[in-house]
Structure formats: structure tokens, C-alpha cells
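Since the structure comes first, as C-alpha cells, the remarks are kept for the end.
Every number here is computed from the coordinates shown, using simple stated rules; none is lab data. Source: prediction; values computed, not measured. Note: ideal-geometry Cβ built from the backbone for every residue, glycine included; neighbour counts use all protein chains shown.
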There are 2 protein chains.
Amino acid sequence: MAGYVVGIDLGGTKIYTVLAAADGEIAAEVEVPTGAEQGYERVLDRIAETVFAVCSRAGVGPGAVSAVGVGAPGPLDPGNGVIHQAPNLGWRKVPFRDDLGARLRFPVYLENDANLGALGEHTYGAGRGSSEMMYVTVSTGVGGGLILRGEIYGGAGGGAGEIGHITVVPRGPRCGCGGRGCLEAVASGTAIARRAQELITRGAGTEILTRAGGEAGAVTAATVAGAAGAGDPEARAILEEAAVHLGTGLAAVVNLLNPDLIVLGGGVMKHNWALLWDRLDLSLREQALEAAYRRVRLAPAALGDRVGGLGAVALALRGIGLRPGG
Amino acid sequence: MAGYVVGIDLGGTKIYTVLAAADGEIAAEVEVPTGAEQGYERVLDRIAETVFAVCSRAGVGPGAVSAVGVGAPGPLDPGNGVIHQAPNLGWRKVPFRDDLGARLRFPVYLENDANLGALGEHTYGAGRGSSEMMYVTVSTGVGGGLILRGEIYGGAGGGAGEIGHITVVPRGPRCGCGGRGCLEAVASGTAIARRAQELITRGAGTEILTRAGGEAGAVTAATVAGAAGAGDPEARAILEEAAVHLGTGLAAVVNLLNPDLIVLGGGVMKHNWALLWDRLDLSLREQALEAAYRRVRLAPAALGDRVGGLGAVALALRGIGLRPGG
């Protein structure tokens, strides 16, 4: 019988690796720098080392590990295990799953990190008991993953869940994707910081500027959150505007998919929940059909930085036919 | 073995009933007025009569019928067969499936008409071979149904697919749902007619007005389509604007669900395909992520007015475990 599985959250700056028992309980975890600048082969070696490190830390023989799940930045193809493009890692078209499998000799399962965020919250976090949910993360960018009928839903090409690129402001600000007025371009941490910097350029935003040590270029979403938390009306207005746009994006999801739950994670949500909540909920209520609005619940993400690793654990467990927590 | 099934498209003004063999081939069809004003019981009787009428017309004994599928205006609950509300029929909370089942003594399956439109095109029409598709109908209103992993997707409450109420113009025109700037409020046949009437009120739209016999109140989407077809630039501009908004709504679907196909039906699409197509495609391309845009195909609906009846046939066949055409 399956003793343990390993979940790995592979990011641009760090690798977070978790050893979990078949019931999902965490036995050990390690975090190391990715070291992407050392190249693909070295990163693979390092990932393999973390797998043996968590085993060693828990006093578990590697022979007790049944499967390894990995969440990686997309776009990637879970079916053949190829990462098509990972700009943060400098990779293009790498047969990641097979290359890691050759090093580890365990079955390896690969998914993109947004989908694993959804699976992590669904299995171990705020999404337990839900069957039709979306996970939305608002941090530097805005991303998302779908769980439909209790399974990750990737659509025809594995790329479903891209709520960050729904147009919410026609002819609005340019987005990194090449579009205009995408949700990400008006409600991400990056967009919030840019709005504050624009304010400062116009000679306003004094409180925000002071908190950034008088340097407009040093303003981040966290600066704005700090000022808003201290009652600064300009900072609050910027966050409220982002919340209204988030509500527009969520309303599209609610009308299209009639989900029972939307889990909201990422730094921007975490640090501003109380402040964003009312506006977001009002904006959603105004734009969603009534029956669909009544059916959906909004909840803060519960797993924090562990979400990717735990999602990868859940992926590995599903890979070998187990479903912790339903 | 299953000999035949019956599919019924129950509308506000007419009942369309189809008898089909287990391979999906149509043996007979009838259409009668709904007569909703005569009340719920009389409509049930009339539906039952059409079932026997198609059998008689095809020379098939009712004993050879294995199941009956019905598409009805929603919101309704396919699970318990209750129609919650059907304003066109004047019904509220009627146990339709059981009441019709008691009259027919066949197993009855119920679905909302937008979802059956999707299933009909998926099984017999433009959606054959697709597994992740959306069906969008643009007529008086804008509606839609989803087929995900080859199955109708209703979401948590059976109400998924409501693309008509995605906000595409923030603070735009009022919609019948109570919202503002919904796709339906700016791209439906009703919205197209209203835009033309506004034009006429401002003293313009001469060609459109002439085609409506000089009466602004008589202008419909068909009037606008006729004028546009004859080259009238004002009529063309109205349709092109609707096409841009449709593109915005479809881009939300494409980014969120990464489908392989969107089937476009309804009178407005049917009568203006060539005219709408370029603008719609351009708007979609500008607003969808590139990989998702490349993955999706847009196709005109193939089944016309038969789509609901054929969807109901497919529902009945699936109810008894058969899947014509995949």
C-alpha cells in the first residue's frame, strides 16, 4: 500500500517540497532556492535532492514513496509532462516529467501552479466539501484555477482559469498579455502600485509617498495597503477601485459557471481582505444573476504559501487513486 | 433493446416533438401551439398527445418508446424535474417531470432549453467531435449552454452558461436582469433594434426607418439586418458594434474555459453571419490569450429551429445510456 507521496511547488525563486502520508498528513517539508540561473539540468538535480531530503528528515525510506506531484509555472501539458514555456526559469519545451522521473524512478505527475492552487485549497483548505469552485489568486498578477465536478478543469488545452485576462475595462490600461483593460491590468498588485505612482506623479498621494520613504518608484501594493489600513482615503480609493474590478471578473465566472465557491488567495487579498471585501461583494452582487449570486460563497484562501506544495501532494495522491478529504 | 425515444422542445408559443430511433435518426415530428393560456394541466395533456401523435405518424407502437426528453424554459432543476419558474408559460414550482411521467408512463428527462441547445448541436450539429464547447444563441436575448468533458455542465445550481449577463460595458445600458451593460443589453436582437430606434430619435437612420414603413416603433433587428445587407452604413455600424461586444463576451469564455469550439446560433447570428463575423473574430482575437484563441474554433449553428427537439432526443438517449455521435 501507498505509504507516502511527495508534493513539489517549483517556483522561479524557490522549490518547496513536502512529504505527506497517504492520508494527506505532512511528515516533512523543505525549501531551497531554485537557482534557475544554473540551468535546467541543475534544477532537476536540486529538485531530486529535495525529495531525498524530506525523506531523510522524516526518517522515511525512499522506497516508501509512491508518487511525486509537481506544480510548475505554465503553460504546460499535464498529459505528456512537457513544460512549454517558463519565462521565470528560462525554459522552453522541456520534457520535465520524464526527465525528473528518470532521476527519481517514481511516477511523476505535473500540473500548472494555478490549477494546483485550486486543488490544494479544494483538498486541504477553504474548498473542502465544494465540488464546483474557482481559486483566484491576486498578487503580482491575477491567476486562477477551476475545480469542476471535483476535478481540475483545464479545458481543451490545459489553459482554463485565466480570469486575469478577462476584459473588465474596455479600452483600459495595457496588460502584459498584449490586451487592454484585463482584470490583471487593473486589480493586480502591480496595477495597484502603478495607480498609486500615477497619483504621486500628479502631485497627490502624500501619505503613500511618505510610507515609501519619499520615493515614488519604491511604492508597492503593500505600501498602498499600509496607507489604506492607516485610514488614508487616497489609498483606500485605489483598493476599492481594484475591488470593483475584481467583482466584475468574479461576476463573469459566477454567471458562466454557477459555482458554489470562490476561494480568494494571494498577497493582495491576504493583506486587504477586510478593506476589499464589502466593495467586492457589492460589485459581484450588482453584476451576477441573483440565483447564481445566492448560490456562491466567497472565502479567503486557507493555505497561504503552502498551497502549491499541498496541491502537488493532492495531485500525487490522485495519481495513485487516493482522494484525501473527498 | 431501446427502439425509440421522444424529444420535446417546450416553448412559450409552441411544442415541437420528435420521434427518433436509438441511432438518433428522426422518424417523425409534429409542432402544435402550446396554448399556455389554458393552464398547466392542459399543456401537459397536449404534450402527451404530441407523443402519441409522432408514434402514430411513424406507425410505431408507444410500447417501443424507451424514454422522453424535454427541454423547457428555465430556471429548472434537472435533478428533481421541477420547473422553478417559466414566465412565458405562467408556471411556478411545478413538478413537471413527474406530472408528465404520470401521464406517459415513460421515463422523462428534463433540462433547460439553452443546455439542450448545446447538447443538440454537440450530438447532431456543428459540435460533433468537440468535447469542450459552448453554444451561444443570439436572438431576442443572449443565452448559452456548456458541454464540458462531453457532458452538459450546469454548475452547482444548474444555471451555468449565462453568457448574456456578463458585463461587457461597465455602467452601460440597463438589462432586463437588473444589471447594466450585460452582453444581452448591447448585443441581442432587442438591443440592436433599440440602438436603431435611438438613432432614428436623433433624426438619423433614414434607410432603417424607411424599411420599417416610416414607423420607428416597428424597427426590429431584422430591419437593421436588411438595411445592413443592402449596404446602409448606419445599420452596419450598429451590427458591428454588437459584434465587438459579442467578441468581448466570447473572449471571457475562451480565457476562462479554453474551449475547442463555440457554436453560434439564434436569429441574429443566422441572418448576419457574414457581416458580424470579421468584427467578432477580431474582437475575440484582441481580447483572448493567444494560445486559447488558437485552440478555439467558431462555427455557425447547424440545426436551426430543430436544435431544441434534437437536444431533447439526445438527452433521452443519454438517459437510457446511449450516446449517438459520440
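Give the span of the range A:105-219's Cα atoms along each principal axis, as three whole-Å numbers ordered largest to smallest.
Taking max minus min along each principal axis of the Cα atoms, the range A:105-219 gives 55, 33, 31 Å.
Quick one: compute the contact order of the range A:184-258, relative version, from alpha carbon pairs under 8 angstrom and 6+ residues apart, as a percent.
31
Can you divide the C-alpha Rg of the protein assembly as shown by 2.2 N^0.38 Å and report the result to two decimal places? Intermediate values should be presented prior to the final figure.
Details: Rg = 27.0 Å, N = 652, 2.2 N^0.38 = 25.8 Å.
In units of the globular-protein estimate, the protein assembly as shown measures up at 1.05.
Treating only the Cα positions of the range A:268-307 as identical point scatterers, give the base-10 log of I(q)/I(0) from the Debye formula at each q in 0.16, 0.24, 0.29 Å⁻¹.
-0.50, -0.86, -1.00
Can you give the FRET efficiency for A:GLU215 and B:LYS93, using 1/(1 + (r/R0)^6), R0 = 56 Å, r = Cβ-Cβ distance, to the nearest 0.05?
After rounding to 0.05, the efficiency reads 0.35.
Could you state the orientation-averaged shadow area of the convex hull built on the Cα atoms of the range B:126-302, in nm² to one decimal?
For the range B:126-302, the mean projected area of the Cα convex hull comes to 10.3 nm².
Can you tally the net charge around A:PRO233? Count Lys and Arg as +1, Asp and Glu as -1, for every other residue whose Cβ sits under 13 Å from the Cβ of A:PRO233.
Net of charged neighbours comes to -4.
Using the Cα atoms of the range B:77-155 to build a convex hull, what is its mean projected area in square nanometres?
Values: hull surface 25.0 nm².
With every direction weighted equally, the projected area is 6.3 nm².
Mind pulling up the Rg/Rh value for the range B:249-326? Radius of gyration and Kirkwood radius, both on Cα.
1.06
In nm, what does the list of distances from A:GLY178 to its counterparts in the other copies look like, shortest first, when each label sits 7 Å along Cα to Cβ?
Label-point distances to the other copies, shortest first: 4.0 nm.
In the neighborhood of B:ALA36, defined by Cβ-to-Cβ distances under 11 Å, what is the net charge if each Lys or Arg adds +1 and each Asp or Glu adds -1? Present the calculation step by step, with values, prior to reporting the outcome.
On the way: positive: B:LYS14, B:ARG42, B:ARG46; negative: B:GLU37.
Around B:ALA36, the surrounding residues sum to +2.
Can you list, shortest first in nanometers, how far A:GLU215 lies from the same residue in the other copies, with each label 7 Å from Cα toward Cβ?
Reported distances to equivalent positions: 7.3 nm.
Take the range A:1-157, drop everything but the C-alpha atoms, weight them equally and run the Debye formula without solvent; then report log10 I(q)/I(0) at 0.08, 0.13, 0.17, 0.19 Å⁻¹ to two decimals.
-0.22, -0.60, -1.05, -1.29
Give me the dipole magnitude in Debye, nearest 20, for the protein assembly as shown about the Cα centre, with unit charges on the beta carbon: positive for Lys and Arg, negative for Asp and Glu.
Details: 56 positive and 64 negative charges, 2 e Å.
Roughly 0 debye for the protein assembly as shown.
Suppose we consider the axis relating copy B to copy A; can you name the residue of B with the nearest Cβ and state that distance in angstrom as an integer?
Closest to the axis: B:ALA252, 2.
Is there a simple number for the mean count of other chain Cβ atoms within 10 Å of the Cβ of residues in B:171-179, and what is it?
Counting Cβ atoms of other protein chains within 10 Å of each residue's Cβ and averaging gives 2.
Give me the net charge of A:CYS177's neighbourhood, meaning all other residues with Cβ under 10 Å from the Cβ of A:CYS177; Lys, Arg count +1, Asp, Glu -1. Can you show the working numbers first?
Details: positive: A:ARG174, A:ARG180; negative: A:GLU162, A:GLU184, B:GLU290.
Within the 10 Å Cβ shell, the charges total -1.
For the residue pair B:ARG57 and B:ARG323, what label-to-label distance in nm results when each label sits 7 Å from Cα along the Cα-to-beta-carbon direction?
Here the modelled spin labels are 3.0 nm apart.
Residues of B:55-65, mean number of Cβ from any other protein chain within 10 Å of their own Cβ, rounded to a whole number?
Mean partner shielding for this stretch: 0.
Quick one: with label points 7 Å out along Cα→Cβ, list the inter-copy distances for B:VAL32 in nm, shortest first?
For B:VAL32, the inter-copy label distances come out at 7.6 nm.
What nm value, rounded to one decimal, do you get for the distance between A:ASP305 and A:GLU241 when each label is placed 7 Å out toward the C-beta?
3.2
Diagonalise the Cα gyration tensor of chain B and give the resulting equivalent ellipsoid semi-axes, square root of 5 times each eigenvalue, largest first, whole Å.
35, 23, 18
For the range B:50-161, build the charge dipole from Cβ charges (+1 Lys, Arg; -1 Asp, Glu) around the Cα centre, then report which of B:GLY129, B:VAL94, B:GLY144 sits farthest towards its positive end.
So the residue furthest toward the plus end is B:VAL94.
So, with +1 on the Cβ of K and R and -1 on the Cβ of D and E, and no other charges, what is the size of the charge dipole of the range A:129-301 about its Cα centre, to the nearest 20 debye?
Details: 15 positive and 16 negative charges, 37 e Å.
For this selection, approximately 180 debye.
Please average, across the residues of B:243-256, the number of beta carbons from any other chain that are within 10 Å of each residue's own beta carbon, and give a whole number.
On the way: counts 0, 1, 1, 0, 1, 5, 3, 0, 5, 12, 3, 6, 16, 17.
Per-residue shielding by partner chains comes out at 5.
What's log10 of I(q)/I(0) for the range A:155-255 at q = 0.10, 0.14, 0.22 Å⁻¹, Debye sum over Cα points only, no solvent?
Per q value, in the given order, log10 I(q)/I(0) is -0.30, -0.55, -1.07.
Counting every Cα pair in the range B:228-292, what percent are over 14 Å apart? It would help to have the intermediate numbers written out before the result.
Values: 1188 of 2080 pairs.
Everything past 14 Å amounts to 57 percent.
Rounded to the nearest 20 Debye, what is the dipole magnitude of the range A:193-282 about its Cα centre when Lys and Arg each give +1 and Asp and Glu each give -1 at the C-beta? Provide the component values of the computation, followed by the final result.
Numbers: 7 positive and 10 negative charges, 36 e Å.
Result for the range A:193-282 is approximately 180 debye, rounded to the nearest 20.
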